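The values are calculated or read from the model by the stated rules, or taken from the named source; none is laboratory data. Quantities reported herein were computed from a predicted structural model and do not represent experimental measurements. Cβ placement follows ideal geometry from the backbone for every residue including glycine, while neighbour counts extend to all protein chains displayed.
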Amino acid sequence: MKRFWTDVTTEAAEGGWSIRLDGRPVQTPARALLVLPTTGLADAIAGEWQAVGADIDPRAMPLTGLANAAVDKVAPDRQAFANGLARYAEADLACYRAEWPPELVEQQAAGWDPLLAWARRRYDVDFATTTGLLHVAQPPATVERLIHEVAALGPFQLSGLSPLVTIGGSLVAALAVFEKAYSAGDAWSAVSLDDRWQLEQWGSDAEAELALDNRRQDFLAAGQFLDLLN
C-alpha cells in the first residue's frame, strides 16, 4: 500500500484513544476501530504511522501490528489465547540445559538460574531442570500458578506477552519482562543464549544472523509494547 495521508493525530475515544489519518480513524485488518488503552501507546503508534514513507512496510510498524492482534485475534477469545501461552509453563527454555561443553553449561547457568530464582520468589513456585531434550514434568502447583498469572491478563497485555513467549521459548522470561524484573534487552540476552553460542562456534552466517536480529527486534518491540501499557 502507498501512503495516502498527510496528518496523523490521536483523539480520545470510548475506552481509550484512537489514531486518525487526516481525521479518519485507523481500523484493524478486521475493520474494527483501533482503540488504544493508554496515551503512551497511542502516541507511539501514531509515531509509526507518521514515519511511514511512500510505501507502508508492516515490519517497520511492530506496535501497530501488536495492537491489531490484541483487537482482532486475542479479544474475541481471550481465554483460548491465554491457554496457548500458558502451555509454555510445562516446558520452559530455562529448564533444559546442555551437558557439554562446559563453557555453554556455565553460560546457561549464569543466564537462566537467576530467571528461575526470580520466579521462585515472585510466584512461590519451584522448577525441575534437566539436561538434554527429554521432557521433564514441572510440579503441578508451578504450572497452575503460572497459568493463573497468564489467564488474568487482558487482550493488550497478552498480545505483548505473546512474542516474548513464542520467540524466546520461556514463559518465565516473558513474565519477568511483564513484571519489570528484567528489561526486554536483558531477557533477550538470556533466551537467545543458545543461538548466539552456535553462531560463535560455527562462525559468521549472514542469513542466520539476519534471522536472529529479526527475532531480536520483534522481541524488543513486544517489550516496548508492554511498557507503553502502563
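Could you list all residues from segment 1-41 that are exposed (fewer than 14 other Cβ atoms within 10 Å of the Cβ) and either touching a Leu at 6+ places or on another chain (Cβ under 8 Å) or of a type in the set (Phe, Trp, Tyr) (or both)?
Residues satisfying the conditions are Phe4, Asp7, Pro25.
Considering only segment 74-89, state which residues are within 19 Å of Leu33 (Cβ to Cβ) and in contact (Cβ under 8 Å) with a residue 60 or more places away in the chain.
Result: Val74, Ala75, Arg78.
Taking the options Ala67, Ala89, Ala82, Ala44, name whichever one is in a helix (DSSP H, G or I), touching a strand residue (DSSP E or B) at 6+ places or on another chain (Cβ under 7 Å) and buried (at least 16 other Cβ atoms within 10 Å of the Cβ).
Ala67
Which of the numbered conditions does Val71 fail, given that it passes all the others? Conditions: (1) without any contact (Cβ under 8 Å) to a residue 60 or more places away in the chain; (2) of a type in the set (Val, Ile, Thr); (3) not assigned by TED's automatic domain parsing to the domain that holds Val165.
Failing condition for Val71: (1).
Which of the residues belonging to segment 134-161 are small (Gly, Ala, Ser) and within 15 Å of Val177 (Cα to Cα)?
So the first thing to find is which residues in segment 134-161 are small (Gly, Ala, Ser), and the list is 137, 141, 151-152, 154, 159-160.
Correct list: Ser159, Gly160.
Within segment 104-129, restricting attention to residues that are in contact (Cβ under 8 Å) with a residue 24 or more places away in the chain and closer than 13 Å to Glu90 by Cα, which residue is surrounded by the most Cβ atoms within 10 Å (Cβ to Cβ)?
Looking at residues that are in contact (Cβ under 8 Å) with a residue 24 or more places away in the chain and closer than 13 Å to Glu90 by Cα, I get Phe127.
Just to verify a result, which residue in segment 12-22, among those that are out of contact with any Asp or Glu (no Cβ under 7 Å at 6 or more places or on another chain) and in contact (Cβ under 8 Å) with a residue 12 or more places away in the chain, is nearest to Val52 (Cα to Cα)? It would help to see each step written out before you state the result.
The initial filter retains those residues of segment 12-22 that are out of contact with any Asp or Glu (no Cβ under 7 Å at 6 or more places or on another chain), namely 12-16, 19, 21.
Still in the running and in contact (Cβ under 8 Å) with a residue 12 or more places away in the chain: 13-16, 19, 21.
Working: Ala13: 24, Glu14: 27, Gly15: 26, Gly16: 24, Ile19: 14, Leu21: 12 Å.
Ranking the qualifying residues of segment 12-22, first place goes to Leu21.
If I filter segment 190-206 for residues that are touching a Ser or Thr at 6+ places or on another chain (Cβ under 9 Å), buried (at least 17 other Cβ atoms within 10 Å of the Cβ) and aliphatic (A, V, I, L, M), do I get at least one hit? Don't jump to the end; show me each part of the working.
Initially, segment 190-206 is screened for residues touching a Ser or Thr at 6+ places or on another chain (Cβ under 9 Å), giving 190-191, 196.
Next cut, buried (at least 17 other Cβ atoms within 10 Å of the Cβ) only: 190-191.
Next cut, aliphatic (A, V, I, L, M) only: 190-191.
Scanning segment 190-206, I find at least one residue that is touching a Ser or Thr at 6+ places or on another chain (Cβ under 9 Å), buried (at least 17 other Cβ atoms within 10 Å of the Cβ) and aliphatic (A, V, I, L, M), so the answer is yes.
If you check Gln27 against the conditions, is it among the polar types (S, T, N, Q) and without any contact (Cβ under 8 Å) to a residue 12 or more places away in the chain?
Values: among the polar types (S, T, N, Q): yes; without any contact (Cβ under 8 Å) to a residue 12 or more places away in the chain: yes.
So Gln27 passes the test.
Any chance you could count how many residues in segment 200-228 are at pLDDT below 95 and under 15 Å from Val165 (Cβ atoms)?
0
For segment 170-187, how many residues meet the condition of being among the charged types (D, E, K, R) and more than 15 Å from Phe225 (Cα to Cα)? Outline the logic, then answer.
Restricting attention to segment 170-187, the residues satisfying the condition of being among the charged types (D, E, K, R) are 179-180, 186.
Checking the rest, the ones that are also more than 15 Å from Phe225 (Cα to Cα) come to 186.
The total comes to 1.
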